[in-house]
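One structure below.
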Amino acid sequence: MHEGLSLLYVGAVLVLNGLWMLGRIEDREIQVINFFAGGVSLAVAAYAAFGPGADAVSVRAAAMTLLFAFTYLWVAINRRNGSSGHGLGYFCLFVALTALPTGLLQLVVAEGLWGWWSGFNWLAWTVLWFGFYLMLCHRPQLQPLVARTALAQGLVTAWLPGYLLLQGLLLA
């Protein structure tokens with residue numbers, strides 16, 4: 001259930017960040033969902049890493065979830081203080097370089113629909129985080145493409161599976 005909780009709000013923040021990058025939401029407003037989604041993901045990760053029953057598998061999941069949490073918290077802080085985003089861009093490169101082997105490893109060990117879904121999502125998120133890196137550090141003109149990618153991935157890779165998990169219609 002924790003994964004569904006986290007994914008639901010990852011979906012919301014990706015969709016809303018896509019709309020924000022397309023100029024449909026103001027900087028002051030986008031902070032709210034980024035702080036919230038970052039906080040939810042941080043809480044899910046903390047419980048997985050330090051809660052009862054924490055083990056190597058849950059700590060690994062927490063480490064991966066923190067990649068999301070820290071990204072959204074950093075976006076919110078940048079919108080609050082007006083930073084250029086270069087530091088966040090280089091963090092996104094780090095995340096993309098972490099997500100790529102994560103996706104490939106997930107595909108190697110995939111068993112069932114959820115395993116395959118997870119592997120392909122990590123590869124999709126690799127592309128998105130790499131797009132954020134390029135946009136923030138080198139090619140600001142990529143913003144409309146990255147915005148639409150965030151919007152689409154928010155719906156397909158996070159919101160929908162998160163919702164289905166929470167409703168018990170999809171099993172992780």
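The values are calculated or read from the model by the stated rules, or taken from the named source; none is laboratory data. The structure presented is a predicted model; accordingly, all values stated were derived computationally and were not measured. Cβ sites come from the backbone with ideal geometry, for glycine too, and all protein chains shown count toward neighbours. Note: accessible area is taken over every heavy atom of the protein model, side chains too, but ligands, DNA and RNA are not part of it. Shrake-Rupley method; radii C 1.70, N 1.55, O 1.52, S 1.80 Å.
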Of all residues in the stretch 157-172 being under 12 Å from the mean Cα position of the chain (by Cα) and not small (Gly, Ala, Ser), the one that is surrounded by the most Cβ atoms within 10 Å (Cβ to Cβ): Thr157
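For every residue, the table says whether it meets (1) modelled with pLDDT of 95 or more; (2) buried (at least 21 other Cβ atoms within 10 Å of the Cβ).
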{"position": "Leu5", "(1), (2)": "no, no"}
{"position": "Trp20", "(1), (2)": "yes, yes"}
{"position": "Ile33", "(1), (2)": "yes, yes"}
{"position": "Val59", "(1), (2)": "yes, no"}
{"position": "Ala69", "(1), (2)": "yes, yes"}
{"position": "Leu73", "(1), (2)": "yes, no"}
{"position": "Gly82", "(1), (2)": "no, no"}
{"position": "Gly119", "(1), (2)": "yes, no"}
Residue in the stretch 121-139 that is surrounded by fewer than 19 Cβ atoms within 10 Å (Cβ to Cβ), assigned to a helix (DSSP H, G or I) and among the basic types (Lys, Arg) present: no
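Give Arg28, Arg24 a once-over and let me know the one that is among the basic types (Lys, Arg), modelled with pLDDT of 95 or more and either farther than 21 Å from Leu128 by Cα or out of contact with any strand residue (DSSP E or B) (no Cβ under 8 Å at 6 or more places or on another chain) (or both). Spell out the reasoning first.
On the way: Arg28 fails: modelled with pLDDT of 95 or more.
Unique residue meeting the criteria: Arg24.
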Test for Ile25: is it open to solvent by less than 40 Å² (accessible area, probe 1.4 Å) and not in a helix (DSSP H, G or I): yes
Residues that are more than 18 Å from Leu66 (Cα to Cα) and among the aliphatic types (A, V, I, L, M), drawn from the stretch 94-112: Leu104, Leu105, Leu107, Val108, Val109, Ala110
